[in-house]
Amino acid sequence: MAGGGFVSGGSGSYEGGVTTFVITTCLVAAMGGLLFGYDLGISGGVTSMEEFLTKFFPEVLRQMNDKTMRETEYCKFDNQMLTLFTSSLYLAALVASFFASTVTRTFGRKISMFIGGLAFLAGAILNGAAMNVEMLIIGRLLLGVGVGFANQSVPVYLSEMAPAKIRGSLNIGFQMAITIGILVANLVNYFTPNIKNGTGWRVSLGLAAVPAVMMVVGSLFLPDTPNSILERGKTEEAKRMLQKIRGIDNVEEEFQDLFEASEAARRVQHPWMNIVKPQYRPQLVFCSLIPFFQQLTGINMIMFYAPVLYKTLGFGDEASLFSAVISGGVNVLATIVSIVCVDKYGRKILFLEGGIQMIVSQIAVGSLIGWKFGLEGQGILTKTDADLILFLVCVFVAAFAWSWGPLGWLVPSEICPLEIRSAGQSINVSVNMIFTFFIAQLFLTMLCHMKFGLFFFFAGMVVIMTIFVHFFLPETRGIPIEEMSGVWKEHWFWAKYIPDDAVIGHHGNETAHA
């Protein structure tokens, strides 16, 4: 059946409740986000530590301390080798995501999580023990392999395990784990500089082994999803798993939809070639543009380099690290808002409100920095100025954390039919990683050259992406993932790409979704 989007012919709701089993498995799987989050938070703090810079990047430290060389506050940390330390991980994650796609499809989601955890563990050990820049970069590359596999498998796992009515909330557990990882990393970075003998940076980097061990151990005990089991041809086992996670014996309607979707997927020999067909145009566009836009919100200039950014703007060492802890805490709390609201009010309203809030706060931050530092980058922040900048940054972080942060992972993972799901998620991860790499590698240089205008640049990108979502993204709240084609068929723009038989279920009735 073309399109692979099979519907039930009913209301879009299947029998069965929300079981303790499915909640537990989804919480364990979401711990994969800790890997990504801890690394996002840890690298910026470490690269602002003097002991770390002394050992690996002494030229950056000399540039910071040499008053005659520093012509502008904007360029304190502009060093390509230093930013390569942060960004190399995302290049590795980009490459790993393509291998992870095949592994996830062929061997199951939990195997991908296990491989990701092992690679991240190896990278954490190597980074904590690093004696030179080469060891540091190799460790970062291994961390990247871990992130690539985890980001490929975890969102798909969560979307497939969760009942449609709470799929958004459970999937956002992944983003919640990311934000907790960031906050924990910021707290670690706040305390480790006080460790004697200048080894605090080793503790910060080495503690990445903790979420890695959690991921490895957790993946050993996780069941695989019914979709994944069906992909490997184990029909009865898949049905038993569906009964277990739904808590009832009568799962015939949902299982029939999953079975038909699996059969359609089995007929697809090359999902990478399939996803470029016109009938999958909406999935290809959103799996590409959502992660692209997510990185161009400017969030990673905060998440990667919060301590560096605050230090650049004149905050003291301890104040810059503590400010990163505050924005990290806001990140966690705001993600809870998304968990509560995403299945109640929908995806689209969060996208739009978050976009508007990010635009306003970025323009305000850019204007304040431009007023205080000007084009020359010379000025002094008063305590009131610093507090205001921190407040505006927190407003921006909160908006991202209940909109583009979690929804950037949720929406691409829930819109793809089974036959292109691994390919779609791989595109999502790879686009995310390549633009994460560019932002990580170029942000400090962009700050040096674009100055306060950098905040206006990101605000302009958020304007574009908010308009895009308003016109082109349909609401996907409460729609079972195997029924998603009906949503596209009703959309004013995407309908022309979706064949009529793509939205006909096994009851033979065409189903409409409002």
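The values are calculated or read from the model by the stated rules, or taken from the named source; none is laboratory data. Note that this is a predicted model, so its numbers are computed, not measured. Quick reminder, even Gly has a Cβ in these numbers, built from the backbone with ideal geometry, and neighbours come from all protein chains shown. Remember, those area values only see protein heavy atoms, side chains included, never the ligands or the DNA or RNA. Shrake-Rupley method; radii C 1.70, N 1.55, O 1.52, S 1.80 Å.
Please find, within segment 249-269, the residue that is nearest to residue 107 (Cα to Cα) out of those that are open to solvent by less than 50 Å² (accessible area, probe 1.4 Å) and among the hydrophobic types (A, V, I, L, M, F, W, C).
Per the criteria, the residue is 265.
Table: residues versus (1) open to solvent by 10 Å² or more (accessible area, probe 1.4 Å); (2) charged (D, E, K, R).
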| position | (1), (2) |
| --- | --- |
| 143 | no, no |
| 154 | no, no |
| 161 | no, no |
| 168 | no, no |
| 174 | no, no |
| 196 | yes, yes |
| 204 | no, no |
| 216 | yes, no |
| 220 | yes, no |
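Looking at segment 123-141 only, could you name the residues that are in contact (Cβ under 8 Å) with a residue 24 or more places away in the chain and surrounded by fewer than 24 Cβ atoms within 10 Å (Cβ to Cβ)?
125, 128, 129, 130, 132, 133, 136, 137, 141
Six or more apart or on different chains, Cβ atoms under 7 Å: show the pairs whose first residue is in segment 409-431 and at negative phi and whose second is aromatic (Phe, Trp, Tyr) and at pLDDT 85 or above.
Pairs found: 411/286; 412/286; 415/286; 420/280; 431/292.
Could you list all residues from segment 280-290 that are open to solvent by 20 Å² or more (accessible area, probe 1.4 Å) and touching a helix residue (DSSP H, G or I) at 6+ places or on another chain (Cβ under 6 Å)?
Result: 281, 288.
Whether any residue in segment 428-447 is modelled with pLDDT under 85, outside any helix (DSSP H, G or I) and within 29 Å of residue 346 (Cα to Cα) is what I want to check.
There is no residue in segment 428-447 that is modelled with pLDDT under 85, outside any helix (DSSP H, G or I) and within 29 Å of residue 346 (Cα to Cα).
When only residues in segment 284-303 that are part of a helix (DSSP H, G or I) and within 20 Å of residue 330 (Cα to Cα) count, which is modelled with the lowest pLDDT?
Across segment 284-303, the extreme among qualifying residues is 303.
With respect to residue 322, determine if the residue is at pLDDT 90 or above, in a helix (DSSP H, G or I) and open to solvent by 20 Å² or more (accessible area, probe 1.4 Å).
no
When you scan segment 234-271, how many residues do you find that are within 17 Å of residue 160 (Cα to Cα), in a loop (DSSP other than H, G, I, E, B) and in contact with a helix residue (DSSP H, G or I) (Cβ under 8 Å, 6 or more places away or on another chain)?
Number satisfying all stated conditions: 2.
Which is of a type in the set (A, V, I, L, M) and open to solvent by 50 Å² or more (accessible area, probe 1.4 Å), of 481, 439, 464?
After applying the criteria, what remains is 464.
Give the residues of segment 332-352 that are surrounded by 23 or more Cβ atoms within 10 Å (Cβ to Cβ) and either modelled with pLDDT under 90 or among the β-branched types (Val, Ile, Thr) (or both), sorted by residue number.
Matches in segment 332-352: 335, 342.
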